[in-house]
Amino acid sequence: MIEVARVSAESSVGPAWFHARWCDLATHQEWSASMEFLRLDEPFAVGARGVSKAVGGTPTPFVVTAFEPDSVYADTTLLRGARLTVHHEARPRGAGSHLSVHAYLQGRRARRWARQMGDDVQKALAVDLTRLVSLAEKA
């Protein structure tokens with residue numbers, strides 16, 4: 001496993017709000033500057049498959065790989081020779097939330113993909129989490 005990104009933030013908004021937004025894949029483009037779309041081909045659940053498209057990228061298959069009510073959502077993008085997992089977690093902190101998002105690659109071509117996309121993933125997740133927190137604080 002090669003970690004390519006890790007970001008965190010605090011918010012006065014509770015974890016359930018963030019979890020609901022992460023799981024509402026059709027609205028990601030409202031706060032995720034890096035993603036054009038995420039679409040599931042079947043009902044939302046662990047194991048559900050779909051297609052995502054990063055801005056400037058090509059449509060790529062992904063799978064929902066983790067779900068814990070009000071706290072955890074993860075998806076894994078199926079790349080050529082590797083898998084990119086983005087793990088989102090919202091936990092209570094005081095009256096609000098501590099948020100963390102990290103991304104890692106696995107597979108025989110993970111090192112190659114890490115060299116190619118690692119910095120971009122770190123920057124994208126940082127921007128996306130900042131935008132999501134801003135949206136939450138305005139709600």
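Observations on the structure shown:
- Gaussian network model of the chain, Cα within-10 Å springs - most flexible of 62, 44, 18: 44
- Each label was represented as a point 7 Å from its Cα along the Cα-to-Cβ direction; for residue 138 and residue 80 these points are 3.9 nm apart.
- Exposed-loop-free span, longest in the chain, where trypsin sites (Lys or Arg not before Pro) count as exposed if DSSP calls them loop and at most 15 other C-beta atoms lie within 10 Å: 1-79
- Full extension of the chain between residue 106 and residue 8 yields a length gain of 33.1 nm, computed as 0.36 nm times the residue separation minus the alpha carbon distance.
- Largest first, the residues 75, 41 sort by 1.4 Å accessible area into 41, 75.
- Per residue accessible area in Å² of the stretch 1-58, where ligands, DNA and RNA are left out and the probe is 1.4 Å: 53 Å²
- By the helix-only formula, in which each DSSP H run with n ≥ 4 contributes -39500 (n - 2.57) and the sum is divided by residues, the chain has a 222 nm mean residue ellipticity of -9500 deg cm²/dmol.
- Distance between the modelled labels on residue 20 and residue 119, one decimal in nanometres: 3.9 nm (7 Å Cα→Cβ projection).
- The slack in the chain from residue 29 to residue 70, taken as 0.36 nm per residue of separation less the alpha-carbon distance, amounts to 12.7 nm.
- Semi-axes of the equivalent ellipsoid of the chain are 24, 16, 14 Å, computed as sqrt(5λ) over the eigenvalues of the C-alpha gyration tensor in descending order.
- Carbon/sulfur fraction of accessible area - the chain, other protein chains in place, 1.4 Å, %: 52 percent
- From the largest down, the stretch 59-139 spans 43, 25, 22 angstrom on the principal axes of its Cα atoms.
- Candidates 76, 85, 58, ranked by Gaussian network fluctuation over the chain, Cα under 10 Å, top entry: 58
The values are calculated or read from the model by the stated rules, or taken from the named source; none is laboratory data. Predicted model, so just to flag it, every value in this text is computed and none were measured. Cβ atoms come from the backbone with ideal geometry, glycine included; neighbour counts cover every protein chain shown. Note: areas computed on protein heavy atoms with side chains; ligands, DNA, RNA excluded. Shrake-Rupley method; radii C 1.70, N 1.55, O 1.52, S 1.80 Å.
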